[in-house]
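The values are calculated or read from the model by the stated rules, or taken from the named source; none is laboratory data. What you see is a predicted model, and the numbers here were worked out from it, not measured in a lab. Glycine also receives a Cβ, built like all others from the backbone with ideal geometry; neighbour counts cover every protein chain displayed.
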Amino acid sequence: MKQTHIRNFAIIAHIDHGKSTLADRIMEQTKTVSERESKDQLLDNMEVEQAHGITVKSRTVRNYYRADNGEEYDYNFIDTPGHVDFSYEVSKSLAASDGAILLVDATQGVQAQTVANFRLAKQNGLTIIPVINKIDSETADVNTTAQQIRQLDPIFNYTKILEISAKTGQNVHGVLEAIYQEIPAPTGQLEKPLKALVFDSLYDPFKGIVAYVRLYDGQLKAGQHLKLMADQTGFTSHEVGVFAPDMKQSKQLSAGDVGYVVTGLKDPQLIRVGDTLTESNRPADQALPGYQPAKSMVFAGFYPKDDHYKELKAAVEKLALNDSSFHYVEETSDALGPGFRCGFLGMLHLQIIRERLNDEYQVAVLTTAPNSTYQVYLKDKRVETPLIVTNPVKFPDFSKIDYVEESFVKAVMTTPSASLGPVMRLADNHLGTLLDMNNHGDLVELVYKLPISEIAYDFFNELKSESHGYATLDTSFLDYELADVVKIEVHINYAPVDALDVIVHRQDAEKIAQGIVKKMKYTVPRRLYPMPVQAFVEGKSIARIDVPPLRKNAAVNGDKRSISKKQQLLRRQNVNKRQAARSDIELPQEVFNAILELD
């Protein structure tokens with residue numbers, strides 16, 4: 001295919017605005033898939049995507065389109081997620097695209113993630129085609145939606161806004177025509193050394209690491225000696241091809257193409273998304289700028305159930321390759337044994353990773369309570385740099401701490417004006433500081449500074465509840481600031497359980513500690529004797545409750561003749577209790593979930 005007839009584009013939209021449905025219609029009308037192969041949300045092939053009705057992992061597919069002018073075009077469509085937790089996947093897709101379709105639901109209008117993705121596409125210098133979807137709905141307000149789109153950027157006052165129904169296929173043909181008419185063809189020279197952006201990757205158990213690439217210069221063939229410019233990792237390409245939508249082998253890829261290369265590499269650590277691929281014997285002069293690596297916002301521990309550590313390790317390594325925004329390091333817990341401290345973009349990201357481990361790799365994990373990052377400055381002046389703490393277990397003893405700084409994010413919340421009051425109260429209750437406020441038609445954009453620890457649990461769901469589902473959230477790391485935080489240590493049956501430790505603000509410590517021990521009463525597995533659950537802060541117990549025993553307590557009313565036997569039984573129970581105080585305590589996931597469910 002001539003380079004002038006190639007178009008690389010993405011679809012950007014808020015969650016549930018019809019992006020996956022439009023992708024299905026494009027593949028149907030370009031005959032990329034047959035009627036037999038066609039199904040709803042064809043590109044959302046993971047179980048978690050179909051279960052939640054969202055796109056988690058970006059996909060790529062090549063479509064061949066015969067235009068009304070008689071010419072045939074290559075449409076390389078790079079899918080994007082819509083949820084805020086997966087905005088990093090959006091940035092990867094846009095880095096490999098030359099244009100984007102901005103899709104807006106006519107029944108909901110412009111939403112916060114619509115605005116965020118539009119700005120990201122504009123920063124990448126992409127040509128943007130505005131499209132209004134769901135015009136066939138009875139509640140559609142096309143005129144108001146078009147007005148909101150024009151308010152996003154003055155250029156849309158001079159741009160035709162397409163009106164479609166992705167569900168029925170109405171006017172989708174007009175979108176296909178606009179793609180080659182509006183989005184520019186890629187530029188690049190075949191004669192130059194190979195220069196390709198690795199914008200995604202996956203692990204195949206038989207082929208090894210498969211890199212998704214967008215070629216900017218040169219050609220890529222099987223059997224070439226290649227290298228990644230960041231780490232100078234060398235390998236020989238085993239196979240190249242395109243996605244149609246499954247991997248389809250081809251003879252070569254040329255400048256402007258989007259496809260894949262089978263590297264044959266088995267170590268997931270050897271390839272990095274955002275790197276530049278070139279030839280070993282004729283390398284490119286300069287690497288592509290790539291994009292910033294994902295920054296984890298929330299951290300939690302993953303530990304295997306039933307001592308399946310090797311299986312968990314293999315699954316985590318492969319999953320990290322398939323999801324470059326998922327980070328992990330090995331760690332060991334006194335209570336749960338070896339495991340991993342994992343970094344996520346948000347709570348939904350954490351939930352999706354857990355489900356993927358279970359669905360794709362059949363590995364069940366125990367997940368500890370999530371937390372954010374802290375910088376701890378010690379009283380020992382010989383230690384000049386702060387201690388970076390992402391695991392409460394690593395939080396130093398309070399006697400050694402000079403002061404602590406916690407991580408903050410800039411949270412951009414867009415909400416209908418009717419929900420402005422409840423949303424602002426929610427942010428204030430989570431220690432937010434208002435930085436800015438802007439109006440976008442019927443929407444109000446609030447910019448807050450918020451501690452990550454305050455939004456790590458259920459903030460997004462609370463925001464949805466307060467705004468009746470219409471407000472959205474976009475976060476970016478801001479800085480570290482001074483904070484008065486303490487570590488709550490949980491002891492069960494006089495034995496510390498480090499996996500249950502949490503770091504909280506001092507003002508909330510007593511309330512949270514009381515909530516933890518009460519939850520433990522109903523979730524910790526019972527034994528034949530009562531077990532105390534205590535919460536300690538700075539060496540002092542501030543909350544306690546007893547987990548009831550399985551059997552009836554010996555200290556019950558009875559006649560005097562049985563008192564001596566009861567006293568003997570109580571003494572034996574007390575001895576057993578003390579002897580078992582340091583024994584292993586097997587905790588189910590419900591114990592850790594109880595902490596997440598605290599008010």
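Pairs are defined by a Cβ separation below 7 Å, a sequence spacing of at least 6 or placement on different chains, a first member in segment 180-195 that is at pLDDT 90 or above, and a second member that is among the basic types (Lys, Arg); the pairs so defined are TYR180/ARG7; ILE183/ARG7; ALA185/ARG7; PRO193/ARG282. Total residues in segment 211-236 satisfying the condition of being over 17 Å from ILE6 (Cα atoms), crowded, with 21+ Cβ neighbours inside 10 Å and touching a Lys or Arg at 6+ places or on another chain (Cβ under 8 Å): the figure is 2.
Taken over segment 427-459, the criterion of being under 23 Å from the mean Cα position of the chain (by Cα) and in a helix (DSSP H, G or I) is satisfied by ALA427, ILE452, SER453, GLU454, ILE455, PHE459.
Only one entry in VAL524, VAL591 is buried (at least 18 other Cβ atoms within 10 Å of the Cβ), at pLDDT 65 or above and touching a strand residue (DSSP E or B) at 6+ places or on another chain (Cβ under 7 Å), namely VAL524. Could you tell me which residue of segment 472-491 is nearest to SER419 (Cα to Cα), considering only residues that are under 19 Å from the mean Cα position of the chain (by Cα) and among the aliphatic types (A, V, I, L, M)? Taking the candidates together, the pick is LEU473.
The residues in segment 502-546 that are within 33 Å of the chain's Cα centre (by Cα) and not polar (S, T, N, Q) can be counted, and the count is 24. Given the conditions (1) surrounded by fewer than 16 Cβ atoms within 10 Å (Cβ to Cβ); (2) farther than 24 Å from TYR303 by Cβ; (3) at pLDDT below 90, report the number of the one that LYS577 does not fulfil. Every condition holds for LYS577 apart from (1).
Within segment 232-246, can one find any residue that is closer than 20 Å to VAL61 by Cα, assigned to a loop (DSSP other than H, G, I, E, B) and of a type in the set (Gly, Ala, Ser)? Scanning segment 232-246, I find at least one residue that is closer than 20 Å to VAL61 by Cα, assigned to a loop (DSSP other than H, G, I, E, B) and of a type in the set (Gly, Ala, Ser), so the answer is yes.
Yes/no matrix, rows are residues, columns are (1) of a type outside the set (Asp, Glu); (2) touching a Leu at 6+ places or on another chain (Cβ under 8 Å); (3) more than 20 Å from GLU454 (Cβ to Cβ):
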position: ALA369; (1), (2), (3): yes, yes, no
position: SER372; (1), (2), (3): yes, no, no
position: GLN375; (1), (2), (3): yes, yes, no
position: ASP380; (1), (2), (3): no, no, yes
position: THR385; (1), (2), (3): yes, no, yes
position: VAL389; (1), (2), (3): yes, no, no
position: PHE395; (1), (2), (3): yes, no, no
position: PHE398; (1), (2), (3): yes, no, yes
position: TYR403; (1), (2), (3): yes, yes, no
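Cβ-Cβ distances below 6 Å connect the following pairs, each with a first residue in segment 462-475 that is on the phi < 0 side of the Ramachandran plot, a second residue that is aromatic (Phe, Trp, Tyr) and at pLDDT below 75, and a separation of six or more residues or different chains: LEU473/PHE460. May I ask you to verify whether THR475 is exposed (fewer than 14 other Cβ atoms within 10 Å of the Cβ) and in contact with a strand residue (DSSP E or B) (Cβ under 9 Å, 6 or more places away or on another chain)? Spelling it out, it is not the case that THR475 is exposed (fewer than 14 other Cβ atoms within 10 Å of the Cβ) and in contact with a strand residue (DSSP E or B) (Cβ under 9 Å, 6 or more places away or on another chain).
So that you can scan it fast, the table gives a plain yes or no per residue for (1) within 15 Å of VAL547 (Cα to Cα); (2) surrounded by 14 or more Cβ atoms within 10 Å (Cβ to Cβ); (3) acidic (Asp, Glu):
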position: ALA483; (1), (2), (3): no, yes, no
position: GLU489; (1), (2), (3): no, yes, yes
position: LEU500; (1), (2), (3): no, yes, no
position: ILE503; (1), (2), (3): no, yes, no
position: ASP508; (1), (2), (3): no, yes, yes
position: LYS518; (1), (2), (3): yes, yes, no
position: TYR529; (1), (2), (3): yes, yes, no
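Residues in segment 363-404 that are of a type in the set (Ser, Thr, Tyr), touching a residue at least 40 places away in the same chain (Cβ under 8 Å) and in a loop (DSSP other than H, G, I, E, B): THR368, SER372, THR373, THR390.
A residue that is in contact with a helix residue (DSSP H, G or I) (Cβ under 8 Å, 6 or more places away or on another chain) and in a helix (DSSP H, G or I) can be found somewhere in segment 412-421.
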